[in-house]
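Reviewing the structure listed below.
The values are calculated or read from the model by the stated rules, or taken from the named source; none is laboratory data. Everything numeric in this text was worked out from a predicted model, so none of it was measured. Because the Cβ atoms are built from the backbone with ideal geometry, glycine has one as well, and the counts that use them run over all protein chains shown.
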Amino acid sequence: MEKDSVKRISVWEKVSDFMMDISKYVLTAVIITSAFEELSDVGWLMYAVGIGGAILLLTVSVVIIHIVNKRQ
């Protein structure tokens, strides 16, 4: 009998996947909001914070994945 190889999923991998999902949701929310709502003079601030937050979450997620894969 052959043993099935089981891939272990670390907690950091799950956290990274979660952060990537949140990044996509934030970016989608910014795009949908801009399509349905006329924004005031500070509308650019909402876009900047949303896109900046999405980029930050995505970057941290990719760094975590890189570190986890390097250890394995």
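Residues in segment 29-39: is at least one surrounded by 14 or more Cβ atoms within 10 Å (Cβ to Cβ), of a type in the set (S, T, N, Q) and at pLDDT 90 or above? The answer is no; no qualifying residue exists.
Scan segment 32-69 for residues that are touching a Ser or Thr at 6+ places or on another chain (Cβ under 7 Å) and under 24 Å from Arg8 (Cβ atoms) and the total you get is 4.
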